[in-house]
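Scroll down for the structure; my scribbles are underneath it.
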Amino acid sequence: MKLLGTLTSPYVRKARLVLLEKNIPHEFVNDPPQGSLVLQANPMGRIPALILDYGFCVFDSSVIADYADTLNDHPVLIPRNDVKARLRVKRWEALADGIADSAVVVRTERVREANKQDESVMNLHNTAISNALDYAAGLLGFDEWCEGNSITLADLALTSALVYLDLRQPERDWRAAHPNLSAWFAKMTKRASVISAGG
Ligand SMILES: N[C@@H](CCC(=O)N[C@@H](CS)C(=O)NCC(=O)O)C(=O)O
């Protein structure tokens, strides 16, 4: 299978981390949003897109993660039998993707000409990020993993969002505000998958 996307996208990183953690053979193909390969795979031109060996194209990182998780059991990243645990993991994913969504909006505003930037949009989304980080730190507490006793999609999604936040908002001192999240993230960034996906 081929995973299309860029190295900086938080959604692509999440999909890559799932494939890497589960040791699923794949080729990473660097192609940007609206790139020629991406457009053949995803009519919306968004990344990531996963092209399966029989040509079927899967898009949206959540769908890719869901599909990839069915391919083997080591590890199971989205709980299968415990409905409440599954819901908690998927909600973590939504929270992490929400941080990424807002960081992308702020980034999009920031790269516009100064007189075209919408301060209220940036404030709204920066506040959403702060609130989501508060919420994530509270949920995590001093647990080793976001959910249960082992790594899940929740950890990978949150890691991807925070790597992106560090990239686009290096001035945001979320580590000082949330030492527990900081310690958890430091451990996550030492994992082979995270290093291999580019930090
Ligand atoms: N919900 C989607 C979001 C994907 C997404 O918005 N990717 C961005 C790159 S970070 C993109 O392709 N943007 C280009 C566009 O929206 O046209 C997912 O999780 O895959």
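Looking at segment 111-118, can you tell me whether even one residue there is touching an Asp or Glu at 6+ places or on another chain (Cβ under 9 Å), in a helix (DSSP H, G or I) and either within 20 Å of residue 11 (Cα to Cα) or charged (D, E, K, R) (or both)? Looking for residues that are touching an Asp or Glu at 6+ places or on another chain (Cβ under 9 Å), in a helix (DSSP H, G or I) and either within 20 Å of residue 11 (Cα to Cα) or charged (D, E, K, R) (or both), one finds at least one in segment 111-118, hence yes.
Does at least one position in segment 110-121 carry a residue that is within 18 Å of the chain's Cα centre (by Cα) and either within 16 Å of the ligand (Cβ to nearest atom) or modelled with pLDDT of 95 or more (or both)? Scanning segment 110-121 turns up no residue that is within 18 Å of the chain's Cα centre (by Cα) and either within 16 Å of the ligand (Cβ to nearest atom) or modelled with pLDDT of 95 or more (or both).
Where residues in segment 37-56 are touching a helix residue (DSSP H, G or I) at 6+ places or on another chain (Cβ under 6 Å) and not small (Gly, Ala, Ser), which of them is surrounded by the fewest Cβ atoms within 10 Å (Cβ to Cβ)?
51
Tally time: how many residues in segment 146-165 are surrounded by 15 or more Cβ atoms within 10 Å (Cβ to Cβ) and assigned to a loop (DSSP other than H, G, I, E, B)?
Step one: filter segment 146-165 for residues surrounded by 15 or more Cβ atoms within 10 Å (Cβ to Cβ), giving 146-148, 151-165.
This time we only want the ones that are assigned to a loop (DSSP other than H, G, I, E, B), so: 146-148, 151-152.
Qualifying residue count, segment 146-165: 5.
Cβ-Cβ distances below 8 Å connect the following pairs, each with a first residue in segment 56-70 that is more than 18 Å from residue 98 (Cα to Cα) and touching a residue at least 60 places away in the same chain (Cβ under 8 Å), a second residue that is surrounded by fewer than 17 Cβ atoms within 10 Å (Cβ to Cβ) and among the β-branched types (Val, Ile, Thr), and a separation of six or more residues or different chains: 69/76. Looking across segment 57-79 at every residue that is crowded, with 16+ Cβ neighbours inside 10 Å and away from the ligand (no atom under 16 Å from the Cβ), the one that is nearest to residue 91 (Cα to Cα) is identified as 79. Scanning segment 166-182 for residues that are among the hydrophobic types (A, V, I, L, M, F, W, C) and loosely packed, with under 13 Cβ neighbours inside 10 Å yields one hit, 176.
Taken over segment 105-145, the criterion of being of a type outside the set (Gly, Ala, Ser), under 24 Å from residue 191 (Cβ atoms) and surrounded by 14 or more Cβ atoms within 10 Å (Cβ to Cβ) is satisfied by 129, 133, 139, 140, 145. Of 96, 85, 15, all but one fail to be away from the ligand (no atom under 15 Å from the Cβ) and either part of a helix (DSSP H, G or I) or more than 23 Å from residue 136 (Cα to Cα) (or both); the exception is 85.
The values are calculated or read from the model by the stated rules, or taken from the named source; none is laboratory data. What you see is a predicted model, and the numbers here were worked out from it, not measured in a lab. All Cβ positions, even for glycine, are placed from backbone atoms using ideal geometry, and neighbour counts span all protein chains on display.
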